[in-house]
Amino acid sequence: MNVFDTLTERGFIAQCTDADEVKKMLGERKVTFYIGFDPTADSLHAGHFIALMAMAHMQRAGHRPICLVGGGTGTVGDPSGRSDLRKVMTDEVIEHNCNRFKEQIARFIDFSDGKALMVNNGDWLRKLGYIDLLREVGAHFTVNRMLTAECYKQRWDKGLTFLEFNYMVMQAYDFYKLNGDYDCILQMGGDDQWSNIIAGVELTRRKTGRAAYGLTNKLLLKSDGSKMGKTAGGALWLDADKVSPYDFYQYWRNVDDADVKTCLSLLTFVPMDEVNRLSALEGAAINDAKKILAYEVTKLVHGEEAARQAQQSAAEIFAGQSSDNMPTVEVADAAGKKLLDVLAGAKIISSKAEGRRLIVQNGLTLNDEKISDVDFVFGESDLPAVVRIGKKKFFKVVSHA
């Protein structure tokens, strides 16, 4: 099957320049394409997941990915999807984040024997003189056209800095540079990057007269249109030190029924016949699909052994057993402290108000006993404690001096 058809069937594609030509090209020859990742943090998160999977599908079909980390564009910050100015990072932080990205991307992409390339746009953007950029690139952009881009319109009322205004120009230059150096003819990315991708396509065509194309994938959204991958603690990171494999597994295990098909299609390699069968399950049976989803996604991100342990821990905890892999929270001198103070301080609950609500609704359990007293105090005999929030969230609380 042509990889364009694969991406279409699985629901990846949002927009594409010259879709018929791109499909034909992907079916007839090996294509070099690129996706960019700006190092705004020291870990990729669930929002990057679709791009990584699209890249993996392309590579499996014989095409060559270029993974671009933004050591140059990261100094400016992409205004796309932002209502405020991104925090300016030091060069040391940018370099550290780029190195972490490289490690995580390598879990999805095979870089052996030239099958994929990893490049850093800081290698050329930081060497490019400002006057050179204005003369070589700036003449091909009109301010009128740039201001129609959604990423700039969103910032117009609150103030768009000239720093950010240059971002589109810099990303467009990346495509032009990669086209010349590596015969890269396709840029891919999230649909919020459409304006930036179009700018790169047009710049490359004007300066070289060669073919250049753009393709965007859908963003990771829930069925209600809200962003997927948000947790009580913030983003759903792909770094095990930020979000444990168990918590990562549990996130996907607990997705809404309506989101099962989307997640299985976009975030796993489960064949579509099986995706359709699993997502058609109803009632309690849909939980089987969610277990497969959670295992497959965790396996891709953290490896098969971590996925197996997370799956086993979830089963043990659900059966009321203690598990070595249960999320553990260490609290100083918990004995003698109020339960809600301890849980709120450890971020197990978002606030004491949430804890009181859980108790009223019989949703807070300590060592298999329902808590009915909002002023319950930990005793020495209660620790270590297994705390259950609702039906599915379990934590082990350990006290230390």
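The values are calculated or read from the model by the stated rules, or taken from the named source; none is laboratory data. Nothing here was measured: the structure is a model prediction, and the numbers come from that model. Here the Cβ is made from the backbone with ideal geometry for all residues, glycine too, and neighbour counts use every protein chain on show.
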Checked the stretch 32-79 for anything surrounded by 22 or more Cβ atoms within 10 Å (Cβ to Cβ), assigned to a loop (DSSP other than H, G, I, E, B) and either modelled with pLDDT of 85 or more or outside the structural domain of F111 (by TED's automatic domain parsing) (or both); matches are L44
Scanning the stretch 27-59 residue by residue, those under 19 Å from I94 (Cα atoms) and of a type in the set (S, T, Y) turn out to be T40, S43
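Look through G234, G200, G214, G229 and report the one residue that is of a type in the set (G, A, S) and loosely packed, with under 14 Cβ neighbours inside 10 Å.
That would be G234, the only listed residue that is of a type in the set (G, A, S) and loosely packed, with under 14 Cβ neighbours inside 10 Å.
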For the structure I just gave you, tell me whether D259 is assigned to a helix (DSSP H, G or I), of a type in the set (D, E) and closer than 16 Å to D288 by Cα.
yes
Per the filter on the stretch 331-348, residues among the charged types (D, E, K, R) and part of a loop (DSSP other than H, G, I, E, B) are D333, K337, K347
Counting only residues that are out of contact with any helix residue (DSSP H, G or I) (no Cβ under 6 Å at 6 or more places or on another chain) and either touching a residue at least 60 places away in the same chain (Cβ under 8 Å) or under 27 Å from T17 (Cα atoms) (or both), the stretch 219-239 contains a total of 10
Determine the pairs where a residue that is of a type in the set (S, T, Y), located within the stretch 300-313, has a partner that is not in a helix (DSSP H, G or I) with Cβ atoms under 7 Å apart, the partner being 6 or more residues away or on another chain.
S313/S323; S313/N325; S313/M326
If I ask for residues that are in contact with a Pro (Cβ under 8 Å, 6 or more places away or on another chain) and over 13 Å from L339 (Cβ atoms), which ones from the stretch 357-395 would you list?
F394
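Residue-by-condition table, conditions (1) closer than 30 Å to E21 by Cβ; (2) acidic (D, E); (3) not assigned by TED's automatic domain parsing to the domain that holds E21:
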| position | (1), (2), (3) |
| --- | --- |
| V201 | yes, no, no |
| P245 | no, no, yes |
| Q250 | no, no, yes |
| D256 | no, yes, yes |
| V297 | no, no, yes |
So, restricting to helices (runs of 4 or more DSSP H) that lie completely within the stretch 160-253, which ones have at least 2 residues that are at pLDDT 90 or above?
167-182, 194-208, 245-253
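Can you pull out the residues in the stretch 355-401 that are among the acidic types (D, E) and not in a loop (DSSP other than H, G, I, E, B)? Before the answer, list the steps.
Step one: list which residues in the stretch 355-401 are among the acidic types (D, E), which gives 368-369, 373, 375, 380, 382.
Hits for the stretch 355-401 are E369, E380, D382.
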Does A294 fit the bill of being within 30 Å of P384 (Cα to Cα), at pLDDT 95 or above and under 22 Å from the mean Cα position of the chain (by Cα)?
yes
All positions within the stretch 110-126 that are aliphatic (A, V, I, L, M) and either touching a strand residue (DSSP E or B) at 6+ places or on another chain (Cβ under 8 Å) or not in a helix (DSSP H, G or I) (or both)
A116, L117, M118, V119
Among the residues of the stretch 263-286, write down those that are modelled with pLDDT under 95 and either surrounded by 14 or more Cβ atoms within 10 Å (Cβ to Cβ) or of a type in the set (D, E, K, R) (or both).
S279, L281, E282, I286
Just to verify a result, which residue in the stretch 1-41, among those that are among the polar types (S, T, N, Q) and touching a strand residue (DSSP E or B) at 6+ places or on another chain (Cβ under 8 Å), is nearest to V69 (Cα to Cα)?
T32
Which one is farthest from T298 (Cα to Cα), of the residues in the stretch 118-136 that are surrounded by 15 or more Cβ atoms within 10 Å (Cβ to Cβ) and either modelled with pLDDT under 80 or out of contact with any helix residue (DSSP H, G or I) (no Cβ under 7 Å at 6 or more places or on another chain) (or both)?
E136
Checked pairs for the stretch 89-107, first in a helix (DSSP H, G or I), second surrounded by 13 or more Cβ atoms within 10 Å (Cβ to Cβ) and β-branched (V, I, T), C-beta under 8 Å and 6 or more apart or across chains, list as D91/T75; I94/T75; N97/T40; C98/V69; F101/V69; K102/V69
